[in-house]
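Participant: The structure that follows is given in the form of C-alpha cells.
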Amino acid sequence: MVQLAGINGARLLVRSLREHGVESLFSVPGDPMGPFLEEAVEAGIDNYTIRHEQAIAMAAQAYSYVSRDIGVGAVTSGPAMTNAITGLATAWANCWPMLLLGGSSELGKRGLGDFQELPQVESAAPYSRWAVAVDEPRRIPWFVSEAVKRATHGRPGPVYLDLPADVLTASVPESEVEQHPVAPGPPRPAADAALVERAARALAESERPLVLIGKGAAWADAGTEARALVEECGIPFVPSPMGKGVVPDDHPLNAAAARSLALRRADLVILAGARFNWTFHFGRPPRFSEDVRVVQIDIEPSEIGLVRPVEAGLVGDVGVVLSQLREAAGGRVGRREEWIAELARERDRNATQIAQLAEAPGARLNLYGMYRQINEAVGPDAVVVADGEATMAISRVMQPNARPRERLDAGTTGCMGVGIPYAIGAQIARPGARVVCAMGDFAAGWNGMDIETAVRYELPILFVVANNGSVRRRPGRALSAEDFGPDDAVRYDRVMSAFGGHAEHVESAPELRPALERALAAQGPALVHVLIDPQARRKEQAFGWLRREGRTRYGAD
Ligand code: ADP
C-alpha cells in the first residue's frame, strides 16, 4: 500500500477506541500489532500484557461484564489469534460484549502462505456477533463504531476485527478519513403491551409463581426492577449462578437454597434474562413440572420459545419489561403465603445440613468449611470468581452476592480455567474492589502463568487454591486420604512465592483464618493454598447439577 502523509491505521484505530471511551487493553505484544500497541500506550490507554491469548479474551470480557464498558483484547496473527478462540466462545455463549482485535498477514500477500497466515475471520465467525477484516485505514472509525454497537446492542456478544499488517501501517490524509459518530449506548426497548397483559393475567392465575433471574438481568442492571416486582407481588426467585446478586442473596424471597423444590413445584416461571439451556435443565421434567407455564423476557427474539413453548414472550430490555410487568400485575397479584412458607421450610432444612457440613470434624477441611472461613474473613462485599468443579459448585451455595455482576464463573460453556483471567479483568475494571478467586487445583493450572500478571501489575486479588488432589486422580479410581498426603500435593503457593507474591499454605481448619488475614493484609496479590479432604462429600443432591451421558467417575464421587 502506498505510504501517504497523514494518519496511519494504527493511530486511527487508537483514536477511534479512545472516542468510544476505551481506557484499558489486554494484549500480548508482537507483529503486526507493534505500531498499534505503541500508539495505544502513547494515547494513555493502560496496556496490560497477559501471558496467553485465551486469557486476554477472558480478561477483556470480564472487564466488559463487570464495568459495562467495552473490554478490548489485542492479539497478534495466526496461532496467537486462534489461541483466543476459546475466550471468544465463552463470551459468545455468556452473551457478554467484548472487542477482540487480531493482527493478520498483509492483504497484499493473502493466499500466498504468508507468515502466520490463517483463516482468522472464518475461525472467529461462529463465536462472534460480527467477524470482519478491516479493509482500508480510512474506514476504521466506521468499523470501530459498528463493532461497539454490535457487541453491546440487543443480545450482547463478542466482535472480532481483523487487522491486516498493511492496513495498520498505511497512512491516509485526514481529509479522506471517513468520520463516523461514536456508537450510542444500547437501546432499552419495551415489550408489546398486549403480551405484557397476557403475562400479568397468567401471573394473577398462578398459585406458585417463580422468577428465574439470569446473567442477562445482571448485564442489564435490572436489580431495582427485579426487586420491585418480586416484593410488590410477593414472588420467590431463584438466580442462576451469575444471576446471583441482581436481587441480594439474603433477600427473604430468595429460594436458591430450595432450588430443586422451587423449580419442580412452580406452576408459572418468569425467565428474566435467563435461558432454558442446561443451566435451567431445559425447563423440562423431572426438574420442572410438565405443565409449568412460562413467561419469557429476553432481548433476543430468536430465544423466545426456542426450548419450550411460552405463554407470553416479552422481547425487550429485562429491566424495562420487569417494570411493565409490575405495573400490569401489581394490585392483581398477592403474596402466595403458603408457597413462600413451603420454600422457606425447605431452605431452612438445607441450611441446617450445610451448616453441619461446614462444621464437619476432620483433619482436613472440606469446601464448605473453607468457604465459611473465607466469608468470615472477607465479608459480604467481594467480587467472587469461582473456577473448578466442586470448588465452583460449592462456591455458588456458600459465597453470597449482594450486587449484580459480582460473581463470575465457568458460565454457559462450563469452561474451566476462566478464574485467573476473569479475576484480572474484574480487578482492573474495579480497582477498589476486593476480588476473591477460588479455584480447584486442576482449574488453577489452565491459566496459572497469569498469576504472574497479577503480581506484575500489583493487582490485590486474593487467590485461593482448594487442592483435593484432582490432578492426581485417575478415572475409575477413588483417591484416598493416604494417596494424598501433604507431601503429595502440587504446591501452588510455591508458584506464587516464586513470582514474588504473598503465599500461604494451609493443612488444617485452624490454620486457615490466620492465613487469610495475613493474605488480606498483604499489599498486592496473595495465594492461599488449602489442602482439602479428597474424600469430602457434597451435600446429597436430589438431582445432579448436570445430567448427561458419559460422565467420568472417580470411585468415591
Ligand atoms: P444464565 O446462564 O444466567 O441463566 P443466560 O446466559 O443463559 O443466563 O441467558 C441470558 C439471556 O439474557 C440471553 O438469552 C440474552 O439474550 C438475555 N439478555 C441479555 N441482555 C439482556 C437485556 N438487556 N434484556 C433482556 N435480556 C437480555
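The values are calculated or read from the model by the stated rules, or taken from the named source; none is laboratory data. In this text, all values refer to a predicted model and were calculated from it rather than measured experimentally. Cβ placement follows ideal geometry from the backbone for every residue including glycine, while neighbour counts extend to all protein chains displayed. Surface accessibility is based on the protein's heavy atoms, side chains included, excluding ligands, DNA and RNA. Shrake-Rupley method; radii C 1.70, N 1.55, O 1.52, S 1.80 Å.
Participant: With an 8 Å Cα cut-off and a minimum separation of 6 or more residues, compute the relative contact order for the chain in percent.
Facilitator: Working: 1256 pairs, mean separation 71.4, N = 557.
This gives 13 percent for the chain.
Participant: Separate question: Given an 8 Å cut-off on Cα distances and at least 6 residues of separation, report the relative contact order of the stretch 17-60 as a percent.
Facilitator: Computed value for the stretch 17-60: 49 percent relative contact order.
Participant: Heavy atoms only, 1.4 Å probe, whole protein assembly: order ASP291, ASP441, ASP69, ASP487 by accessible area, highest first.
Facilitator: Working: ASP291 120, ASP441 0, ASP69 85, ASP487 150 Å².
Largest to smallest exposure gives the sequence ASP487, ASP291, ASP69, ASP441.
Participant: Can you give me the distance in nm between label points at ARG308 and ALA193, each placed 7 Å from the Cα along the Cα-to-Cβ direction?
Facilitator: The answer from the label model is 3.2 nm.
Participant: If you rank PHE442, PHE484 by how much accessible surface each has, with a 1.4 Å probe, what is the order from largest down? Kindly include the intermediate steps, with their values, before the conclusion.
Facilitator: Working: PHE442 105, PHE484 0 Å².
Ranked from most to least accessible, the order is PHE442, PHE484.
Participant: If you restrict to DSSP beta bridges whose two residues both lie in the chain, what percentage is antiparallel, to the nearest 5? Can you show the working numbers first?
Facilitator: Working: 3 of 67 bridges.
Around 5 percent antiparallel, to the nearest 5.
Participant: Separate question: Based on alpha-carbon centroids, what's the gap between the stretch 336-394 and the stretch 421-476 in Å, whole number please?
Facilitator: Answer, in whole Å: 21.
Participant: OK, next. Once the whole set of protein chains is in place, how much accessible area is left on ASP135, using a 1.4 Å probe, in Å² to the nearest 10?
Facilitator: Probe radius 1.4 Å; accessible area of ASP135 about 60 Å².
Participant: For the stretch 486-526 and the stretch 75-101, what is the separation of their C-alpha centers, rounded to whole Å?
Facilitator: For the stretch 486-526 versus the stretch 75-101, the Cα centre distance is 32 Å.
Participant: Ok, one more. Pull out a ≥ b ≥ c, the square roots of the eigenvalues of the alpha-carbon gyration tensor of the chain, then state rounded if a/c is under 1.5, prolate if not and a/b is larger than b/c, and oblate in the remaining case. Display every interim value, and only then the final one.
Facilitator: Values: a/c = 2.07, a/b = 1.21, b/c = 1.70.
Here the chain falls in the oblate category.
Participant: If you don't mind, there's one more thing I want to ask. Go through 415-424, 267-276 and give me the packing order, highest mean Cβ count within 10 Å leading.
Facilitator: Values: 415-424: 29.1, 267-276: 25.9.
Averaged packing, sorted descending, gives the order 415-424, 267-276.
Participant: Rounded, prolate or oblate: pick one for the stretch 140-237, where a ≥ b ≥ c are the square roots of the eigenvalues of its C-alpha gyration tensor, a/c under 1.5 means rounded, and failing that, prolate if a/b is larger than b/c, else oblate. All intermediate terms of the calculation are to be shown ahead of the outcome.
Facilitator: On the way: a/c = 4.31, a/b = 3.26, b/c = 1.32.
Prolate is the answer for the stretch 140-237, as a/c is 1.5 or above and a/b outweighs b/c.
Participant: Counting DSSP beta bridges with both partners in the stretch 372-518, what percentage is antiparallel, nearest 5? Mind dumping the intermediate values first?
Facilitator: On the way: 1 of 14 bridges.
Antiparallel: roughly 5 percent of the beta bridges in the stretch 372-518.
Participant: I'd like the antiparallel share, as a percent to the nearest 5, of DSSP beta bridges with both residues in the stretch 462-542.
Facilitator: Numbers: 1 of 12 bridges.
Approximately 10 percent, going by the DSSP bridge assignments.
Participant: If you don't mind, another one. Quick check: the distance between the Cα centres of the stretch 137-183 and the stretch 6-24, to the nearest angstrom?
Facilitator: The distance from the Cα centre of the stretch 137-183 to that of the stretch 6-24 comes to 9 Å.
Participant: Now for a different question. If a/c stays under 1.5 just call it rounded; otherwise compare a/b with b/c (prolate if a/b is bigger, oblate if not). Do that for the stretch 1-113, with a ≥ b ≥ c from the square roots of the Cα gyration tensor eigenvalues.
Facilitator: Values: a/c = 2.01, a/b = 1.26, b/c = 1.60.
Here the stretch 1-113 falls in the oblate category.
Participant: Leaving out ligands and nucleic acids, note down the accessible area per residue over the chain with a 1.4 angstrom probe, in whole Å². Display every interim value, and only then the final one.
Facilitator: Working: 21910 Å² over 557 residues.
About 39 Å² of surface per residue is accessible.
Participant: Identify all lysines with a Cα-Cα distance to LYS539 below 26 Å; exclude those on the same chain that are fewer than 8 residues away in sequence.
Facilitator: LYS215, LYS244
Participant: Heavy atoms only, probe 1.4 Å: what % of the accessible area of the chain goes to carbon and sulfur, would you let me know? Before the final figure, lay out each step's value.
Facilitator: Details: 10960 of 21910 Å².
After summing per-atom areas, the C and S share lands at 50 percent.
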